[in-house]
Every structure is written in structure tokens, then in C-alpha cells.
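First comes the structure, then the notes that go with it.
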Amino acid sequence: MQAKYDTEQDILRIRWSDAPIEESDEEQSGFILDYDQQGNVIGVEILNASHKISQWQQLTSLIRADG
């Protein structure tokens, strides 16, 4: 599993598979699910993550930041 936070765009990306992303869908506003070729969810992107996740400061200490 890999988690990255883009500080400039405020996007949290979490991937739990190295399979190529075949399709992405925004299931609800600001939450994008990534699917592999078989239709399995292999990742998620959270837009405006710092505003949508409670206890954000604790979480960011565990995630590699890019930006």
C-alpha cells in the first residue's frame, strides 16, 4: 500500500495495488475511486483532503508529502 499527499493541490492518493489504473470515477464530490482492468478498486484520491479528513494533522505525520 502506498499513500502520498500533494501539498500544492491538497490531494491525498492511496493505492493498494500496483496494477495499472483502467478507469477512475468520482463517486461523490471530491472522492475519486481508481479501478483495475477487472473492475476492482485499487486506489482512492481525496480532493481538498485537509478539509475533509478529521484529525488531519495526525494523519499527515504518517504520509509521504509531495509538492
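The values are calculated or read from the model by the stated rules, or taken from the named source; none is laboratory data. Everything numeric in this text was worked out from a predicted model, so none of it was measured. Neighbour counts are summed over all protein chains in view; Cβ atoms, including those assigned to glycine, are modelled from backbone coordinates with ideal geometry. Please note that ligands, DNA and RNA were not included when accessible areas were found on the heavy atoms of the full protein model with its side chains. Shrake-Rupley method; radii C 1.70, N 1.55, O 1.52, S 1.80 Å.
What to note about this one:
- Restricting the first member to region 12-31 and to residues that are farther than 14 Å from Ala49 by Cα, and the second to residues that are of a type outside the set (D, E, K, R) and open to solvent by 50 Å² or more (accessible area, probe 1.4 Å), the beta-carbon pairs closer than 6 Å and six or more apart or on different chains are Arg15/Gln2; Trp16/Met1; Glu22/Gln37.
- Of all residues in region 22-38, those that are exposed (fewer than 14 other Cβ atoms within 10 Å of the Cβ) and not in a strand (DSSP E or B) total 4.
- Residues within region 39-55 that are surrounded by 14 or more Cβ atoms within 10 Å (Cβ to Cβ), in a strand (DSSP E or B) and not small (Gly, Ala, Ser), tallied: 5
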